[in-house]
Ligand code: GAL
């Protein structure tokens with residue numbers, strides 16, 4: 001039977017390479033002890049020279065394969081190494097791999113056995129122009145190192161090399177499942193059989209009932225890797241639950257290879273029964289039209305770059321689905337971690353996965369490498385229910401008939417069941433794919449939000465917007481309110497256009513999280529501030545444009561695109577305020593008095609399921625108590641609204657005269673009138689200028705938020721994403737710090753410095769002294785491979801945070817898969 005052992009621990013690392021390191025007795029005394037995933041260089045948060053991660057480095061590890069490896073087949077399985085690596089065992093070359101985003105295996109059969117052996121890897125993280133995405137400029141960093149996991153696999157002479165699940169007739173009562181397995185046999189294998197076992201999985205990802213089983217006699221298997229694929233078909237499958245975004249039911253197919261009277265290998269694939277169809281009218285999941293609302297994700301994190309373990313990868317999927325409320329993610333611009341994709345399968349987040357590359361197409365060797373990466377990606381992920389589209393073109397590259405005929409062929413050959421797209425940034429490109437996938441950056445803040453699909457594609461065909469906004473309006477989370485608000489509006493406008501223009505399947509915005517980049521891009525500090533959340537995954541206002549679209553039965557959202565401060569916008573403007581919410585209406589109170597009830601602005605955002613509620617009036621019913629005549633009250637509200645939204649300089653002479661007349665008619669003295677205006681607009685003289693927003697659903701109060709112009713920093717809140725971490729290899733959790741005001745809102749411009757104190761078996765990734773950026777920051781805490789209790793606190797000049805306690809235990813496995821998560 002196969003045995004796999006984690007090889008993540010016990011490595012030694014040196015940020016340079018020398019042939020002398022290949023000697024089995026080379027002294028590793030001054031090498032750093034590291035655990036994988038590992039970044040070849042830890043980077044500062046920003047303002048660094050990206051050349052610092054372009055290096056050639058060495059990883060070494062002593063291994064005793066033990067008696068179990070004797071006479072068996074032995075493999076090293078790598079999740080990914082950036083960008084090229086060569087490996088030696090006791091000085092003998094054992095293989096190499098080029099391409100930084102896909103898995104590969106090195107076979108050590110015949111060389112592994114009992115006794116210490118020295119494994120050395122030369123990892124070249126320079127931007128080699130023969131490997132995609134390199135060869136020209138790129139708007140993201142690719143980092144370096146053995147940044148995913150490595151394991152040791154010991155097999156018998158024959159094993160199951162691949163298992164592929166292809167559900168069919170999924171909308172029929174009796175469903176079908178085609179399964180293909182490939183046997184990898186070193187020598188001819190006689191009298192073998194394969195047992196296929198189909199089981200339902202529980203929400204926690206554990207087998208929860210046998211559905212069907214088949215034993216297939218294989219006869220004699222010739223030697224070779226996957227020489228003779230074995231296909232079986234399950235028919236008449238009843239009572240099968242569909243995999244859908246709201247109910248991601250998973251099944252497990254286990255294959256057991258038997259020969260000579262015993263089991264010699266066993267593997268499984270988790271998959272789902274679902275139908276994904278791309279039609280000219282849109283995307284259909286299980287026969288139901290689903291408007292796609294998504295974000296692009298780069299797999300990068302502050303300091304560690306790509307090198308983050310499973311929990312952080314999976315958490316990103318949760319953030320996308322449960323915090324940002326999207327139903328699809330694009331893995332821009334490369335295959336991403338299996339932990340991220342496992343989580344997408346498990347929580348029902350759809351995926352557009354693409355091959356590595358960015359705008360540039362290289363020479364033949366480069367194209368070969370791209371095709372290899374595409375194959376490796378599809379072979380790895382083709383059973384996943386979450387993946388609904390393959391991206392088979394280099395992002396935003398020009399047409400290249402020969403190359404793209406090849407990538408389309410590969411995808412079609414390896415996975416004829418799944419649609420293909422290829423991300424373009426120009427209209428009327430040659431289409432060899434099923435879906436015209438287009439980056440549409442036409443929106444500049446005006447009326448035009450998206451192009452018409454037919455004009456771009458040149459014909460009626462399935463059409464998906466794969467990027468919008470991004471560089472058109474970079475926005476820092478600590479920017480002023482006007483900019484944050486405009487970024488949110490731009491995303492909302494495009495989402496609305498995607499929802500109202502016929503023939504658009506949906507839109508995937510650029511992008512989920514800010515990311516480190518090359519000097520040619522971003523704000524000059526090596527960050528592209530294009531995210532709807534920052535690099536720490538802390539949301540900006542634009543995040544609410546997405547989050548507010550979720551079904552309120554799942555989560556009630558009410559977030560104002562305002563800090564309700566009185567002078568952050570230019571010319572003392574305070575209105576309008578968009579409230580991103582999925583409530584039916586919002587009632588506004590100010591200074592304890594009701595202003596009015598406001599409804600979603602469906603006129604401005606006709607394509608949104610839940611348009612924002614736009615508040616254009618801060619006076620409203622508060623004027624009633626003044627006893628103004630009805631006409632006068634209307635005039636005051638109108639002029640007041642302009643005054644507040646466009647600044648006091650917007651008051652024209654005729655507005656002043658009109659106001660004067662109203663006050664004269666109603667016998668309000670000039671001084672009192674002025675006082676009234678200032679009180680209503682700026683809360684002058686109020687005991688506490690509190691703003692209260694109350695969201696109503698089906699006539700009932702569903703959510704309540706308070707803000708106030710008198711906000712001040714009241715406490716430093718520390719929150720961890722996880723309370724229990726695993727003591728195996730290394731694990732991590734994100735810890736977010738927020739300086740909150742007395743209402744519980746973030747102090748948006750607070751700039752305190754804090755020191756992080758950690759007691760217990762963990763350390764901080766990156767610096768331990770951190771500035772709050774716009775009132776918040778976050779860091780990841782990494783475990784040290786042993787159990788214990790961790791206690792974390794942050795100490796600032798003015799504030800001390802609450803303490804967060806985290807248990808590190810052997811029992812904490814990987815993430816469970818509850819839906820929705822607890
Ligand atoms: C696109 C590109 C993305 C990113 C984005 C910024 O053209 O595909 O990778 O650079 O622009 O808005």
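Where a number appears in this text, it was derived from the coordinates with a stated rule and is not lab data. Treat the numbers as computed from the prediction; the structure is a model and nothing was measured. For neighbour counting, all protein chains shown are included, and Cβ atoms are generated from backbone atoms with ideal geometry for every residue, glycine included.
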Residue exposure sequence - 1, 535 - by fewest surrounding Cβ within 10 Å: 1, 535
Label point distance in nm, residue 277-residue 447, each placed 7 Å from Cα along Cα→Cβ: 3.6 nm
Estimated FRET transfer efficiency when R0 is 41 angstrom, pair residue 667-residue 604 (beta carbons, to 0.05): 0.60
Full-stretch length increase - residue 570, residue 206 - with 0.36 nm per residue and alpha-carbon distance subtracted: 125.4 nm
Least to most buried among 605, 284, 403 (fewest other Cβ within 10 Å first): 284, 403, 605
Pairwise FRET efficiency - residue 109 versus residue 810, Cβ, R0 = 45 Å, nearest 0.05: 0.90
Computed FRET value (nearest 0.05) for residue 791 with residue 556, which takes r as the C-beta separation and R₀ as 41 Å: 0.75
Extension gain, residue 68 back to residue 621 (0.36 nm per residue minus Cα-Cα distance, nm): 191.0 nm
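Just need the relative contact order of the chain here, percent rounded to a whole number, with Cα pairs under 8 Å and 6+ apart. Intermediate values should be presented prior to the final figure.
Details: 2109 pairs, mean separation 74.7, N = 822.
Across the chain, relative contact order equals 9 percent.
Among 157-163, 642-648, 660-666, how do they line up by average Cβ neighbours within 10 Å per residue, starting with the highest?
Numbers: 157-163: 20.4, 642-648: 18.7, 660-666: 15.1.
The most tightly packed comes first, giving 157-163, 642-648, 660-666.
Classify the stretch 667-741 as rounded, prolate or oblate, taking a ≥ b ≥ c as the square roots of the eigenvalues of its Cα gyration tensor: rounded when a/c is under 1.5, otherwise prolate if a/b is larger than b/c and oblate if not. Let's see the in-between values first.
Details: a/c = 6.59, a/b = 2.47, b/c = 2.67.
Oblate shape, in that a/c is at least 1.5 and b/c is the bigger or equal ratio.
What's the ranking of 55-66, 210-221 by average number of surrounding C-beta atoms within 10 Å, highest first?
Working: 55-66: 18.3, 210-221: 13.8.
Highest to lowest by the protection proxy: 55-66, 210-221.
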The stretch 772-810 versus the stretch 116-131: alpha-carbon centroid distance in Å: 34 Å
Exposure proxy order (Cβ contacts within 10 Å, fewest to most) of 88, 278, 649: 649, 88, 278
Projected label distance in nm at residue 52 and residue 365, using a 7 Å step from Cα toward the beta-carbon: 3.1 nm
Cα centroid of the stretch 659-732 to Cα centroid of the stretch 5-54, whole Å: 51 Å
For the stretch 62-111 and the stretch 148-210, distance of Cα centres in Å: 24 Å
Label-point separation in nm, residue 763 to residue 284, each point 7 Å along Cα→Cβ: 5.6 nm
